[in-house]
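K.L.:
I have a structure I would like to understand better, so I am pasting it below and will then ask my questions one at a time.
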Amino acid sequence: MNIINKRLIMIFSVIIIFLTVTSILIVSMFSNAEEYALKSVNAHLYDSGTILNAGDITDINGNKIAYTSNGERHYSSNPSTRAALLHIIGDNQGFIDGGIQDTFREELCSYSLLYGVNTETKNTLCLTLDAELCAFAYEQLLPYKGCIAVCNYKTGELVCLASSPSYDMFNKPSDIENNPDYDGVYINRLYGGLYTPGSVFKLVTALGAIENIDDIHTQSFKCTGSYNTGEGTIICNDVHGTVDFTQALNYSCNCAFAQIAIQLGADKLNEAFNLAGLNSSVRNCDRILNTDGKFRTTADDTLGTLGWTGIGQADTLVNPYSFLSFVCSIANGGTSYQPHFVKTAVNSNGRTVYTAEPELSSCTINKTTADTLKEMMRSTVSNYYGDYRFGNLTMCGKTGTAERDNEKPHAWFAGFSYDDSFPYAVVAVLENSGSGLQYAGTAASEVMQKLYNTIN
Ligand SMILES: [Zn+2]
């Protein structure tokens, strides 16, 4: 009797183990089926790790910027357009970080749990980007490293995006791994870049002042070309005399903004940095994660450090994508959508199988504050930079010339069209180029004017 019982228990145990292992396998197969099917060892989609078989990718005008024909993956026939679009589409081998050929594999390869990968009918991924404008923007960046992006601030749709350095994937430079000209070449700098902001940061200090200093609009600030904080001296770009808050931004007066930063203190300045969304790392609806900014100043730092922080020097670092979201929110009355560029995926029957659902921006500020900043940025262009620099556009903007030890400065421009019938915001960073207005301001203006002329 004992022996029979023991045998029964053993058989029962074996059955239980068998059922458990089988269940785990089935669940794992279903939950990871997509990953298995889309792996680069799948010969239907890849050859030696190179993507071959995926659907079309089209720009906003319906131009095919990637497609498969006769078992080969094709891109733009123009080598410089291929280089300009490399960071958006990605390359065949998957070197590029965040290319949509990788992040939207499921949609592009028409995968479903029921039917697996369908190699006959493929979906088309429709972007909001204008490929020609991206190629033009890429030319404006050269020969510098950096990025430019233009976004519709009402919808969050990016119409232009370029990152430099880049390369033609069909003619990859042999020295790409050790030539410093290609440092960070696989990174899309809009999402992965982290820069000293220089004077574009004065928009953050101004945001803090509007929110926290009641009489900021009636204060005046003295600039003799330098400002002694008592714990270090801040040097200005000029002798501005006595300026009010708006003039301080117009002239980008370091002395005035150092005084404002000291009034605010490290905690309120940090609060403004967070309110602007610059500390946020967000995975947007394009499934791309941007790098979060760094604000390192604390209440223990000297007044000199606090002053330098308020004018965008010191240790603060900013990501261009976050800064674009910030200016989109200023332009759009305090809030906006996260910038993104994948709009829909459509199958061969014309049925939409994916529609972007953009999230609200990580920067949400109140409307009065946003409108005040908007008017101050408008007067900075009209009273100081000059409207003539922007052709037919009515622009709001702020430049930054971020000083670097033993290097040329990083040039920044962040701004947007004041006219909401042309609702576009722009951010441009040209690394180690020189003056913000001269380099980033010019590049941003050229791209915005080209977009304006294309639409009108
Ligand atoms: Zn000054």
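K.L.:
From the list Cys223, Cys253, which one is surrounded by 17 or more Cβ atoms within 10 Å (Cβ to Cβ), within 16 Å of the ligand (Cβ to nearest atom) and within 19 Å of Thr316 (Cα to Cα)?
P.N.:
The conditions single out Cys253.
K.L.:
Still on this structure: Inspect all residues belonging to the range 274-282 and state whether any of them is closer than 30 Å to Gln101 by Cβ and either out of contact with any strand residue (DSSP E or B) (no Cβ under 9 Å at 6 or more places or on another chain) or within 12 Å of the ligand (Cβ to nearest atom) (or both).
P.N.:
Yes, that holds for at least one residue.
K.L.:
Please go through the range 331-358 and pick out each residue that is of a type outside the set (A, V, I, L, M, F, W, C) and either surrounded by 23 or more Cβ atoms within 10 Å (Cβ to Cβ) or over 29 Å from Val426 (Cα atoms) (or both).
P.N.:
Selection gives Asn332, Ser336, Tyr337, Gln338, Pro339, Asn347, Ser348, Asn349, Gly350, Arg351, Thr352.
K.L.:
Right, another one. Would you mind stating whether Gly434 is modelled with pLDDT of 95 or more and out of contact with any Pro (no Cβ under 8 Å at 6 or more places or on another chain)?
P.N.:
Against the criterion (modelled with pLDDT of 95 or more and out of contact with any Pro (no Cβ under 8 Å at 6 or more places or on another chain)), Gly434 does not qualify.
K.L.:
Spot the failing condition for Ile235; the list is (1) in contact with a helix residue (DSSP H, G or I) (Cβ under 8 Å, 6 or more places away or on another chain); (2) buried (at least 19 other Cβ atoms within 10 Å of the Cβ); (3) aliphatic (A, V, I, L, M), and only one is missed.
P.N.:
With (1) in contact with a helix residue (DSSP H, G or I) (Cβ under 8 Å, 6 or more places away or on another chain); (2) buried (at least 19 other Cβ atoms within 10 Å of the Cβ); (3) aliphatic (A, V, I, L, M) applied to Ile235, the lone miss is (2).
The values are calculated or read from the model by the stated rules, or taken from the named source; none is laboratory data. Everything numeric here is computed off the predicted structure, so don't read it as measured data. Every residue, glycine among them, receives a Cβ derived from its backbone with ideal geometry; neighbour counts consider all protein chains shown.
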